[in-house]
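Chemist: Following this message is one structure expressed as structure tokens.
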Amino acid sequence: MMRLVKAIPLIILTYAIYLTFSGSISTYDIVLGLVVAIISGYLTAELIVKDVGKALSIRRFLWLIIYGIYYLTIAEFKAHYDVIKRIIHPKMPINPGIVRAPYNVVSDFSVVTIACSITNTPGTVVVHLDEGKKNYYVHWIDVKAPDPKTTYENIVRDFEKYVKNIFD
Amino acid sequence: MRKELIVATSLTVTIIVLAYVITLGSGLGPLFNGIRPLAEVYLRTTLNPSQPSFTAMSPEGVTAIVWDYRGLDTLFETAVFYLAIIGAIAIYRGVSEKVRLNGAGVGLSMIVKVVTKVLIPINIAIATSIALHGHLTPGGGFQAGAAMAVIPMILIIAFSRYLLLDLKISKEVALAFRSIGLAGIALTAFVPILIGLLSGVNAYIMQNQLKADASFSLPAYLGDALVSGSLILYNISEYLAVTFGFSMIFLLLSIEEDIVKEQMRGDGVEH
């Protein structure tokens, strides 16, 4: 029974994806989609969901939407603008290097979301993750300074502010 | 350096000459843009209730051909595929999949693991949708099964094959589900004959819609949903069978070679 409760967020996810991918809301798909979602959710619940209250929290979901808007507009724009400037500048002012950037979030999903956010914005790529010492190793197009304080403020902090509220 | 130059030049010349011959030099002859007579037969009958003895009652021409017009061919193709899997199981006979080497790897980084985990329900939704719409849109049981078999594959790579065993997806479980799928295909093929024998009408193996001398039809509609008679049953059964057939192969192939060789050597001594 506990497993079925844990499965609820996954059932919603699977159902939404099934209906979107099928591109139909006929009775056939509404009924079969729900059956598929329940089976799939039940099978994968233990593997994926640890805290069902967190997964179903509306406050966290709103933060996810806010983060999505922030990320796809402001964060992406800033990073693209910076890299494009470096590309078209006649002197190509780059100073690349791999730096250590610390993070403070706890949950797996937070760590991965921040890592993917860093990688997906141009100019920075997470090349390695040290879970024990809580460090990302980031390839940075313009190393301002290699000390943890600078790297944290320039690379991690803005994402962490939002992601902390979503997954931690 | 000179060698690379020669290779690059000859590649370029070859591509340009080939492109010229194929397109401007009309090396392939005039292209045929119409519909060939054979294709026209299928296009006109695949979903055509006014031709009850020729139609497969499915808008998806490829699935209609694969499981209805030339259904027997697909049945034997499926049999060949499963014989190949049985061959693989026979080679691995007696090898225990549960033996672990010391210091077994713990998988890839947390980033890969978390992303892999989240992909699983998404993959299940999409693969099952492909199977359940095999008679309506491109795709079908085999394609859906191949899409679904990605899950054990990425789990083995991102985590460890022992995660599958912990999730109770062992060789035996996969074999059982694969057999359910195969039984489903066989049942669907024989159901028309069984019903024909019981009700005393003429029927054929793998019959879907009625034929000139066999008035029996599998239901083309379930409520108002088009299910195309036998096609949906074949697709779902094939989906199960392919998913677990591939899963089983991945499980077997991912056993440490040392463990397999050790156990096989032990087996040989007894004979």
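The values are calculated or read from the model by the stated rules, or taken from the named source; none is laboratory data. Because the structure is a prediction, the values reported are computed rather than measured. Here Cβ is always computed from backbone atoms with ideal geometry, including for glycine, and neighbour counts include all displayed protein chains. Note: areas computed on protein heavy atoms with side chains; ligands, DNA, RNA excluded. Shrake-Rupley method; radii C 1.70, N 1.55, O 1.52, S 1.80 Å.
Chemist: So, with a 1.4 angstrom probe, what is the percent of accessible area on the protein assembly as shown that is carbon and sulfur?
Modeler: Reported share for carbon and sulfur atoms: 70 percent.
Chemist: Another question about this same structure. Grab the alpha carbons of chain A, take their convex hull, and tell me the volume per residue in Å³. Walk me through the numbers before you get to the answer.
Modeler: On the way: hull volume 22.7 nm³, N = 168.
Per-residue hull volume (Cα only) is 135 Å³.
Chemist: May I pose another question? With axes computed from alpha carbons, what is the tilt in degrees of helix A:27-48 against the longest principal axis of chain A, rounded to the nearest 10 within 0 to 90?
Modeler: Roughly 60 degrees between the two axes.
Chemist: I want to verify the translational diffusion coefficient of the protein assembly as shown in µm²/s; compute it with Stokes-Einstein, Rh as the Kirkwood radius over Cα pairs, at 37 °C and 0.692 mPa s. Don't skip to the end; give the middle numbers.
Modeler: Details: Rh = 26.6 Å.
So the translational diffusion coefficient is about 124 µm²/s.
Chemist: Applying a 10 Å radius around every beta-carbon, put B:70-78, A:35-43 in order of their mean neighbour count, most first.
Modeler: Output ranking for B:70-78, A:35-43: A:35-43, B:70-78.
Chemist: Here's a follow-up. In degrees from 0 to 90, rounded to the nearest 10, what is the angle of the helix A:157-167 Cα long axis to the longest principal axis of chain A?
Modeler: Tilt relative to chain A: about 10 degrees.
Chemist: Along the positive direction of the dipole of segment B:60-270 (beta-carbon charges: Lys, Arg +1; Asp, Glu -1; about the Cα centre), which of B:G200, B:Y82, B:I120 reaches farthest?
Modeler: B:I120
Chemist: Could you give the length gained on full extension between B:K98 and B:E40, defined as 0.36 nm per residue of separation minus the Cα-Cα distance, in nm?
Modeler: Fully extending the segment from B:K98 to B:E40 adds 15.4 nm.
Chemist: Over segment A:1-145, give the accessible area per residue in Å² for a 1.4 Å probe, as an integer.
Modeler: 58
Chemist: Given Cα pairs under 8 Å that are at least 6 residues apart, what percent is the relative contact order of segment A:2-55?
Modeler: Working: 52 pairs, mean separation 30.2, N = 54.
It comes to 56 percent, rounded to a whole number.
Chemist: While we're looking at this one, here's another question. Please average, across the residues of A:110-118, the number of beta carbons from any other chain that are within 10 Å of each residue's own beta carbon, and give a whole number.
Modeler: Rounded to a whole number, the mean comes out at 3.
Chemist: Using 1/(1 + (r/R0)^6) with R0 = 30 angstrom and r between the beta carbons of B:K168 and A:K161, what's the FRET efficiency to the nearest 0.05?
Modeler: 0.15
Chemist: Something else now. Indicate the gyration tensor shape class of segment B:1-111 (rounded, prolate or oblate), computed on the Cα atoms with a ≥ b ≥ c the square roots of the eigenvalues: a/c under 1.5 is rounded; otherwise a/b larger than b/c is prolate and the rest oblate.
Modeler: Taking the square roots of the gyration eigenvalues as a ≥ b ≥ c, segment B:1-111 is oblate.
Chemist: Between A:H80 and B:L83, how high is the FRET efficiency from 1/(1 + (r/R0)^6) when r is the Cβ-Cβ distance and R₀ = 35 Å? Nearest 0.05.
Modeler: Efficiency at R0 = 35 Å is approximately 0.05.
Chemist: Relative contact order for chain B: what percent, with Cα pairs under 8 Å and sequence separation of 6 or more?
Modeler: Relative contact order here is 23 percent.
Chemist: Based on the mean of other Cβ atoms within 10 Å per residue, sort peptides A:64-71, B:232-239, B:158-165 so the most packed one is first.
Modeler: Ranking, from highest mean packing down: B:232-239, B:158-165, A:64-71.
Chemist: Something else now. Could you work out how far helix A:108-120 tilts from the main Cα principal axis of chain A, as a 0 to 90 degree angle to the nearest 10?
Modeler: Between the helix axis and the principal axis of chain A, the angle is about 50 degrees.
Chemist: Applying 1/(1 + (r/R0)^6) with R0 = 60 Å to the Cβ-Cβ distance of A:I12 and B:I22, what FRET efficiency is obtained, to the nearest 0.05?
Modeler: So the FRET efficiency works out to roughly 0.70.
Chemist: Starting at the first residue of segment B:74-85, write each ³J(HN,Hα) from the Karplus equation 6.51 cos²θ - 1.76 cosθ + 1.60 with θ = phi - 60°, in whole Hz, x for Gly and Pro.
Modeler: 3J(HN,Hα) across segment B:74-85, in whole Hz: 5, 4, 6, 4, 4, 4, 4, 4, 6, 5, 4, 5.
Chemist: Taking 7 Å along the Cα-to-C-beta vector as the label spot, tell me the A:L56-B:S215 distance in nanometres, rounded to one decimal.
Modeler: Between A:L56 and B:S215, the simple spin-label model gives 5.5 nm.
Chemist: Let me ask something additional. Roughly how large, in nm² to one decimal, is the mean projection of the convex hull of the alpha-carbon atoms in chain B?
Modeler: 25.0
Chemist: Take every residue in peptide B:218-228, count the Cβ atoms of other chains within 10 Å of its Cβ, and give the average of those counts.
Modeler: The mean count of partner-chain Cβ atoms within 10 Å per residue comes to 2.
Chemist: Return the average number of partner chain Cβ atoms within 10 angstrom of each residue Cβ along peptide B:109-117. Numbers along the way, then the final one.
Modeler: Values: counts 7, 7, 13, 2, 2, 10, 4, 1, 7.
For peptide B:109-117, the averaged partner shielding equals 6.
Chemist: Turning to a different aspect of this structure: Give me the accessible area buried between chains B and A, both sides summed, with a 1.4 Å probe, in Å² rounded to the nearest 100.
Modeler: On the way: alone 16200 and 10670 Å², together 24640 Å².
Buried: approximately 2200 Å² between A and B.
Chemist: Only helical DSSP H runs with n ≥ 4 go in: add -39500 (n - 2.57) per run for chain B, normalise by residue count and round the 222 nm mean residue ellipticity to 500 deg cm²/dmol. Before the final figure, lay out the partial values.
Modeler: Values: 11 runs with 168 residues, N = 271.
Rounded to the nearest 500, it is -20500 deg cm²/dmol.
Chemist: Under 9 Å from the Cβ of B:L252, count the other residues' Cβ atoms, weight Lys and Arg +1, Asp and Glu -1, and hand me the total.
Modeler: 0
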